Each structure stands twice: as C-alpha cells, then as structure tokens.
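The block underneath contains the structure these notes are about, expressed in structure tokens.
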Amino acid sequence: MDKNILIAAGFDPSGGAGIVRDLHVMWEYGLNPASVITALTAQDDERFLTWEAVTPAMLKAQLQSVLRGGRCRWVKIGMVGTPDNLKTLLDAIEAFCEDAFILLDPVLKASTGPDLAQGDYVRAIQEKLDRISLITPNLPELERLAGQRVANRQQADSSARELIARGVKAVVIKGGHLLGPSVDRLISPENTREFFGDRLPGTIHGTGCAFSSALIASLALNNPGRVTFEDMADAVANAKAYVRSLFKALSGQ
Ligand code: PLP
C-alpha cells in the first residue's frame, strides 16, 4: 500500500463507479493507494436501489488505520454522502498529512438519478473550499455549488471564479453536459486552459470517478514539489485521454 496516496469514496457493487473504479484506475497507473469507504450503494448500470453513509466513527477508524504513521500527499475524495463525513475526512487529513493536495470530486447525484448526498452537503462543501486544492464539478454540480445557472462558457467561468473566491485553488469544469464538443476547462486565479475532445455516443456511469482518479494518479506519478498550473494542466490532459480510452473499451467503440 502506498501511504502517499489516499482515496475516499463510496462503494458501488457493480464496480462501474466509486472506490472499485478508483482502485482499478490507480492499479492501471501502477499505484496502490490507501483507501477508505464513505458510503455503501446498491446499484448497477441501469438501476439505483439505495445507499447509506458509513458512520463518522467508522470512517474515522478507517482513516486512523491507514494513515497512522504515514503521510498522504495525494488525496482523491469522491462520494462522501454527508456533511459529517466530509468534516471527518478533512479533519483527519489535516491531522495526519502535511501538505496534502486534495482533489474533491463533488458527487451530488448518480447519473441514474438519485441524490448521493444527505443534509446540506452543498453548503458543507462551500464552507470547506479553502481546504480543497482542486475541485472537479460537472455542470449541474457547478450550478449547485456556485448557486447560479450555467448555460454557457462565460457563466461556467464566472461560477468557477466564485468557487475560487471562496478558497479553492483551482477548478476543472467537466463540460460533458453542454451540447457540442466535449470541452473541459481548468481555471485557477491566474490562468484558464481548455481541453477539447470529440463527443463519444452513450453514457457510462463512473466516468467522473475514473477522470478524477486518473488526474490524481498522474499528479502523484509526476510528483511535483509545489503543484503548478502546468502540472495540473498536464494531469487533466492525461486523465482526459485515459477516460476516452476507458470509455471506448467499456462501450465497445
Ligand atoms: N461514487 C459512487 C459510489 C457512485 O455510486 C456514483 C454514481 O453512481 C458516483 C460516485 C458518481 O459517478 P459518476 O462518475 O458517474 O459521476
């Protein structure tokens, strides 16, 4: 187990999304991270039955067991489920890990429909943005986090800047929900970069999880001292290419 990398995410028994997908991606990159489960779901590609969060005490115990004596430099947080579990996670990371680079994939809803967060999880994220290095919302998530409608590129940029004003260091907007070519955008206080890709037909759940895992894996392998905008841009380009080939393989295209 590589204690330098930590994944926190929900469990999807079909393996399409969540921690099984995250670990699969990490192993493909040759990495073997520590991992903790925040929530259990019951679902497959078509149907989502139910989910429940693990208790904060159980999450804390998992974190103490994998982080004891270790330093987590690279952290990916996927589905968390509740405000209490987000606090538990961020507090443990702060206690155990110096200089953690924390990527938060703000999972709010499954592509098959139901909400994957209880209570005021959106507000919990908003209040903790200053502890997050990079956030990777899709457009519906960006709308809810910034509290404004996002129908075009200008609105997407101003919403990302709203999150940056609240403390997050950088935002990757996943453009898959806008019509036209699939354009992702990396935005920091000083820079903006676009990443173009042609749109492949169909949807597969778990591509958001795979993208953020590939992004943190790519950063961990590059292992920069201080993460620059260019480091993040290289990792986004790498993750986008990874997800494209995964999507093609899974959808038989
Ligand atoms: N994490 C878990 C455990 C999930 O069940 C889901 C979706 O169902 C997600 C994350 C989000 O998946 P996606 O990558 O499709 O956004």
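The values are calculated or read from the model by the stated rules, or taken from the named source; none is laboratory data. None of the values given here were measured: they were computed from a predicted structure. Note that we place each Cβ from the backbone using ideal geometry, even for glycine, and neighbour counts take in every protein chain shown. Areas reflect the complete protein model, heavy atoms only, side chains present, ligands, DNA and RNA absent. Shrake-Rupley method; radii C 1.70, N 1.55, O 1.52, S 1.80 Å.
Quick notes on this one:
- Residue count for region 194-223, restricted to those that are within 17 Å of ALA170 (Cβ to Cβ), of a type outside the set (Ser, Thr, Tyr) and away from the ligand (no atom under 16 Å from the Cβ): 5
- Taking each residue of region 203-219 that is under 14 Å from SER245 (Cβ atoms) and looking for partners that are within 8 Å of the ligand (Cβ to nearest atom) and of a type in the set (S, T, N, Q) with beta-carbon atoms closer than 9 Å, six or more apart or interchain, yields ILE204/SER111; THR207/SER111.
- Taken over region 104-121, residues that are over 15 Å from ILE132 (Cβ atoms), touching a residue at least 40 places away in the same chain (Cβ under 8 Å), within 11 Å of the ligand (Cβ to nearest atom) and surrounded by 12 or more Cβ atoms within 10 Å (Cβ to Cβ) amount to 5.
- Restricted to strands (runs of 3 or more DSSP E) entirely inside region 150-209, those with at least 1 residues that are open to solvent by 60 Å² or more (accessible area, probe 1.4 Å) are 192-197.
- Of residues in region 1-19 being within 9 Å of the ligand (Cβ to nearest atom) and of a type in the set (A, V, I, L, M), the one nearest to the chain's Cα centre (by Cα): ALA9
- Qualifying residue in region 59-81 (condition: within 14 Å of the chain's Cα centre (by Cα) and either over 25 Å from GLY15 (Cβ atoms) or open to solvent by 70 Å² or more (accessible area, probe 1.4 Å) (or both)): no
- Conditions (1) assigned to a strand (DSSP E or B); (2) farther than 21 Å from CYS209 by Cβ; number of the one not met by ALA61: (1)
- The one condition in (1) more than 16 Å from the ligand (Cβ to nearest atom); (2) basic (Lys, Arg); (3) open to solvent by less than 40 Å² (accessible area, probe 1.4 Å) that ARG226 fails to fulfil: (3)
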